1. Which far-off residues, 5 or more places away or on another chain, put their amide H under 5 Å from the one on residue 129, with H placed in the peptide plane?
2. Quick one: 3J(HN,Hα) in Hz for segment 140-145, Karplus 6.51/-1.76/1.60 with θ = phi - 60°, rounded, Gly and Pro as x.
3. Taking H as built 1.01 Å from N, whose amide H comes closer than 5 Å to the amide H of residue 103, not counting residues under 5 places away?
4. Can you tell me the FRET efficiency between residue 133 and residue 167 if r is taken as the Cβ-Cβ distance and R0 is 35 Å, rounded to the nearest 0.05?
5. List the pairs from 119/163; 79/163; 79/148 whose alpha-carbon separation is above 20 Å, in the order I gave them.
6. What net charge do the residues around residue 52 carry, taking every other residue with its C-beta under 14 Å from that of residue 52, with Lys and Arg at +1 and Asp and Glu at -1?
7. What is the sum of charges, Lys and Arg at +1 and Asp and Glu at -1, for the other residues whose Cβ falls under 15 Å from the Cβ of residue 91?
8. Output wanted: per-residue J couplings in Hz (rounded whole) for segment 70-83, from phi through Karplus 6.51 cos²θ - 1.76 cosθ + 1.60, θ = phi - 60°, x for Gly and Pro.
Amino acid sequence: MRLKIYFQAHFFVKVCKLSHRRVTDYEEILQNMRVIVQRCSRAEVRIEGEVVGAIRRGFMLLVGITDGDMRAQADLLAKKVAQMRVFEDADGKMNLGLKEVGGAILSISQFTLYADCRKGNRPSFIRAARPEVAEPLYEYFNSVLRDKYDLHVETGRFGADMKVDFINDGPVTIILDSSAILADDMPMA
């Protein structure tokens, strides 16, 4: 089974080779976990003026969870983040990972990654998972980074009004989407 996502004239089309059918439902494409990875030289998050998480060199992550996301998607994205090589080596090439540079992670839950701005001027966040679903999966994602990949992970507080301050190094910003990664990892039918 191989999935490909194409952009066609203001709407998405998902092609499913396994079933030989075309699905043009924009809503179905929104069903995926998202992580924005920003390489930073420092990052911190404050709640009510108090620093609750801070790192030096590493990744500042914005983590978005939608309904239908499961631990398998969190595992997949945690692996991608942990193994991502975007730090420069001695030759100036992006060839080193977090562990190789002694980096850390500041992970921030971010439901606004699921903003739907197709209608009107006020975004809808209906595709963001409810807190009772999103928070355990967000915590699981962070625990996989800590426990399986032995990374130092700082966090904000789920659902809190947070002030995030960081210096994007490069700038390097990468969008990870579980459905796109799964599509590329599946063998052709």
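1. Excluding prolines and chain starts, which carry no amide H, the hits are 65, 66, 67.
2. 4, 3, 5, 5, 5, 4
3. Those lying under 5 Å, H to H, from residue 103: there are none.
4. So the FRET efficiency works out to roughly 0.60.
5. Table pairs above 20 Å Cα-Cα are 119/163; 79/163.
6. With Lys, Arg at +1 and Asp, Glu at -1, the neighbours total -3.
7. It works out to a net charge of -1.
8. Values, residue by residue: 9, 4, 4, 5, 5, 4, 4, 6, 4, 4, 4, 5, 4, 9 Hz.
FYI, it's all coordinate maths here, none of it is from the lab. Because the structure is a prediction, the values reported are computed rather than measured. Because the Cβ atoms are built from the backbone with ideal geometry, glycine has one as well, and the counts that use them run over all protein chains shown.
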